[in-house]
Amino acid sequence: MPRRASSKLHPSWFIAVALLAAAAIAGGYFLMSKVNDPYRTINALDVLTYLENANSLRGNIYRVNGTVWNSLGWSPSVGRLFAVEAGAGKPGDLVPLLVPSALNHVNLQKGQRFVFEVEVVEGGVLQVKSLRKE
Amino acid sequence: MKRFLCCLLAISAMPVFAQKPDEPARGGATSTTIITPPKSPSTAPSVPLGEEVPMYDPGSEVISWGGKHWNIANQRVFQARFEKYLNAPEQTDADNVEYQKTIREILDLLSPRTATNVKLYQAYVLLFRAVVHDADGGVCNAIANAVATAWQAQMNQNQLALTVGELKKAMQAEQSKAIMFAGHQEQQSSKQSAGKKGSSTVPAPVVSPNEMRQGFYLKEAAAFEAQMAALTAKREVSALQARVQFQALMLQLFLQRRFQHVVMSCHMYRQLFNEGDSSIKVEGQTKEFFTKDLGMPPTVSTLLSLASEAMRDVREGVQAYLFLSDRNEMDSATKRLSESFLVGEYMPEIRTLSRDKKRLALTYSQKANRLVSALSVKDYTQAEQLIKEMEAMAKDFDSTKPRAAVETAKTVSAMHLAKARNAAIAGKSQAVEDELKQAAAVWPRNPSLLEMSGAIFGQSDLQQKAVADFEQLLSQGNLRQIFNDKLRFIAAMASNPDGQEKLKKVLEDMQTIEAAVARAQEFARRGDPAGAWESVERAAKQFPDDVKLNQLRGNYSSEAASFVESLRTAQRLETQGQTGSGLAWYLKAQRHYPLSDFAKEGIERLARKILPSS
């Protein structure tokens, strides 16, 4: 007697659909994040150039993605000075960032990753204009 | 012997011409000779026979005269005379033998036992034979002159006595005439008294012729008596002068220690002036010398006794010398001979002593004199040598006092030298100088003094060179060389307070450098080249010229290259005003070596620059 073909969906289909959905969601999320990132148009700081001659970069605005490495000082009127390890992954170079007192409401702690919008001011000091936690 | 020496030396300075007679008494002559001291030294010239008679202290062998003192054993004139005698040959030649023979003949002729005027004259003749010898020195001639003078005086006295006798007869004749006319006058007076009873109208004459004649004869008699008295006085004065001259000669001979001549002159005096008093009247210390010290009155007999005693004493002294020198007791022997020489320099026993015998005393005396000289000039090395020689030469030599003087001087000198050495070590140059002066004052020829002075002065040269080297190295900043030679510089700067301060600073700096080096080596031993580099780098900033620091800096900088590179880049950028870059490099360096003080300090410094009010 001939065996009748099964009418149920194969389980692999479910898995594929789930993967596609997840990819779609991730892609969407990525696109959304990219579209919504306000620093996406800001150039990342070239750390090597900065280390060689920071004064040559004065007046420029850069983006620094980095991890708070250590607090170097604090002044109620001027702000806070942090050492931030720029980049991700392998140990990057440490750069000092001056977080002005206007941003005192933002808590910065050692090990936190942030995206900093910085301006190279007098003396080659990187002064944070804005920041966002990653 | 000492007592006699005392007497003799006291007399020996009496010039004979000081003897002078008193004025003759108007009523009659006196035979006493008076030696008169000055009544007032402040108004009259001093007379040696008065208060200035030299006195001899036998206990200390010191003669005091005119406020000055001489030790006869240490008196240059006596020593020179004594040494001259010891070096002179014995006087045993034919001339001296003949002279002594003549002297003995004279003394024999004048012996009191057989004294006659004939023998006196024979002795007088022999005086002229004796005077031709050099050993006599003309003394016999003086005696002969004195005898002749005495004889002449005696002849004059005899002539005067005859004249006085004639005058006495004339006076008596005149007195007889006066008595005769006195008798006539008495008869005429009786007749005139009987006539008055008959007629009282004729007046008697005032002076009768008989009375006038009687007066003339009495005046003549008085004139003769006056002439007789004058001649008598002249005779007495003449006799006194002759006596005084002879006594003066005897005293002079005694003072010259011509005792043989004293004896013969005393015998002659007794024969020439055998009547009257023969005492010599002296006053003051001279009288005390005779009466108290000698216990005898000052007479011719006293002189004779003293001279005889001196001659006997000299003979015994020479015999004692010969005996003691044979027993190798040269100290006592030399003293006895010197005493005998002092008393009887012209005695035959002294003059005939052989030169070989005298040489022993001469050698000992020279050594004794050299010892005295060595002690007086504080040459104790020479004195010690002489003491040993004299001890070997004379077993009776008492070395206690000279040896004590030498040992004391050596001890005191050594003490001052030790103080000088300590002062030199302490760098007290003034104290060194003072102690060396005192050591030199105590023992000028101390060999140790010369050695120490040389060492100190040599050290001074080295010290000056070390100071110069120190200044040069300091100007070059070569502290390590100073540190390596620190012992030399510490010694050199001992007397230099400024140098000491500089050296102290150098040594403290070097202590800092050495501590940094030791710390760096410890870091390196633990495998921490960055820490080692930091240690020497910090010291090198303070002492950039230290070779060892720079060498270690080079070594450790290659071993901690990335850290050193980061730190130097940070420092360079900091100096360029690159605050941000510099801080980043300091952070990088700190990441290499979290314990880095340089990185920490740089971070803090730049952080304060960025955050001024933090």
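The values are calculated or read from the model by the stated rules, or taken from the named source; none is laboratory data. Please read all numbers here as calculations on a predicted model, not as lab measurements. With ligands, DNA and RNA removed, areas are computed over all heavy atoms of the protein, side chains included. Shrake-Rupley method; radii C 1.70, N 1.55, O 1.52, S 1.80 Å.
Going down the list A:110/A:133; B:419/B:502; B:548/B:588, which pairs span over 19 Å between their C-alpha atoms?
The answer is B:419/B:502; B:548/B:588.
Enumerate the calculated ³J(HN,Hα) couplings along region B:404-420 in order (Karplus 6.51 cos²θ - 1.76 cosθ + 1.60, θ = phi - 60°), each rounded to whole Hz, writing x wherever the residue is Gly or Pro.
Running phi through 6.51 cos²θ - 1.76 cosθ + 1.60 with θ = phi - 60° gives 5, 5, 5, 5, 4, 4, 5, 5, 5, 5, 4, 5, 5, 5, 4, 5, 5 Hz.
Just to verify a number: what accessible area does residue A:15 come out at with the full protein assembly present, 1.4 Å probe, Å² rounded to tens?
110 Å²
Between their Cα atoms, which of B:367/B:437; B:335/B:410; B:505/B:609 are more than 32 Å away from each other? Mind dumping the intermediate values first?
Values: B:367/B:437 29 Å; B:335/B:410 29 Å; B:505/B:609 35 Å.
Flagged as over cut-off: B:505/B:609.
Under the √(5λ) rule applied to the eigenvalues of the Cα gyration tensor, what semi-axes describe the equivalent ellipsoid of region B:426-550? Give them in Å, descending. Don't skip to the answer; put the middle values down first.
On the way: eigenvalues 381, 32, 23 Å².
After diagonalising the Cα gyration tensor, the semi-axes are 44, 13, 11 Å.
Can you send over the solvent-accessible area of residue B:184, 1.4 Å probe, protein chains only, in Å² to the nearest 10?
Residue B:184 exposes around 80 Å² with every protein chain in place.
Taking only the alpha carbons of region A:47-133, what extent do you get along each of the three principal axes, in Å, biggest first?
The Cα atoms of region A:47-133 stretch 31, 30, 20 Å along the principal axes, largest first.
Jot down the radius of gyration and Dmax of region B:483-534, Cα atoms only, both in angstrom.
Spelled out, the Cα radius of gyration and Dmax of region B:483-534 are 15.4, 47 Å.
Quote the total accessible area buried by chains B and A together, excluding ligands, DNA and RNA, probe 1.4 Å, nearest 100 Å².
On the way: alone 33150 and 9220 Å², together 40640 Å².
By this definition, chains B and A bury close to 1700 Å².
Kindly identify region B:83-125 as rounded, prolate or oblate by the Cα gyration tensor criterion: order the square roots of the eigenvalues as a ≥ b ≥ c, call it rounded if a/c is under 1.5, otherwise compare a/b with b/c, prolate if a/b is larger, else oblate.
Numbers: a/c = 4.24, a/b = 2.96, b/c = 1.43.
The shape class here is prolate.
For region B:455-614, report the convex hull volume of the alpha-carbon atoms normalised per residue, in Å³, without decimals.
Working: hull volume 20.9 nm³, N = 160.
In region B:455-614, the Cα convex hull volume per residue is 130 Å³.
Within the accessible area of chain A, what % is carbon and sulfur when the probe is 1.4 Å and the other protein chains stay in place?
Exposed carbon and sulfur together represent 59 percent of the surface.
With every protein chain left in place, what is the accessible area of residue B:384 in Å² (1.4 Å probe, nearest 10)?
40 Å²
Enumerate the amide H contacts of residue B:299 below 5 Å, restricted to partners 5 or more residues apart or on another chain; note that Pro and chain-start residues carry no placed amide H.
The answer is B:280.
Accessible area per residue for region A:18-134 in Å², computed with a 1.4 Å probe and the full protein assembly in place, what is it?
On the way: 6260 Å² over 117 residues.
Solvent-accessible surface per residue comes out at 53 Å².
In whole Hz, with x marking every Gly and Pro, tabulate ³J(HN,Hα) for region B:502-510 from phi via Karplus 6.51 cos²θ - 1.76 cosθ + 1.60, θ = phi - 60°.
Once rounded to whole Hz, the list reads 4, 5, 4, 5, 4, 5, 5, 4, 5.
Over all Cα pairs of region B:340-438, how is the pair count split among 5 Å bins, expressed in % and running from 0 up to the last occupied bin?
Percent of pairs per bin, in order: 3, 11, 16, 14, 12, 11, 10, 7, 5, 4, 3, 3, 2, 0.
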